[in-house]
Amino acid sequence: MLRPVFGLSEPDLERELLRKGVGALAAGRASCSDCGRTPLVGERVHFFDHDVVVCELCRAGHGGPPERSEEVRHSERGHTVRLRVRPAA
Ligand SMILES: [Zn+2]
């Protein structure tokens, strides 16, 4: 059995790492200001006054057109491998 380092046992360390990971995920995503739901990838979100983000389901409650609308994109967009044409030597 491993000896606890800095007073943390193995289950405590696992729990702390999980807590940090979940916190990092939650920090990088936008949620609807009305219902608190995180919009799904591909769903349209609408921005009203002062960058208030509203999901498609809550849009009807705001009335009037939004300032802008965007499609929710996957977090890995732009990080995939792209095929490139190698220049002739
Ligand atoms: Zn909503």
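Values in this text are rule-based calculations from the coordinates and carry no lab data. Nothing here was measured: the structure is a model prediction, and the numbers come from that model. FYI the Cβ positions are ideal-geometry reconstructions off the backbone, even for glycines, and counts take in every protein chain you see.
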Using 0.36 nm per residue, how much length does the chain from S9 to E43 gain when fully extended, once their Cα-Cα distance is taken away?
-> 8.0 nm
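Charges only on Cβ, +1 for Lys and Arg, -1 for Asp and Glu: so what's the dipole of segment 30-72 about the Cα centre, in debye to the nearest 20? Intermediate values should be presented prior to the final figure.
Values: 4 positive and 8 negative charges, 23 e Å.
Dipole magnitude for segment 30-72 comes out near 120 debye.
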Rounded to the nearest 0.05, what FRET efficiency do K20 and R68 have when you use their Cβ-Cβ distance and R0 = 41 Å?
-> 0.75
Förster radius 41 Å - calculated FRET efficiency between R86 and D51, Cβ distance, rounded to 0.05 | 0.45
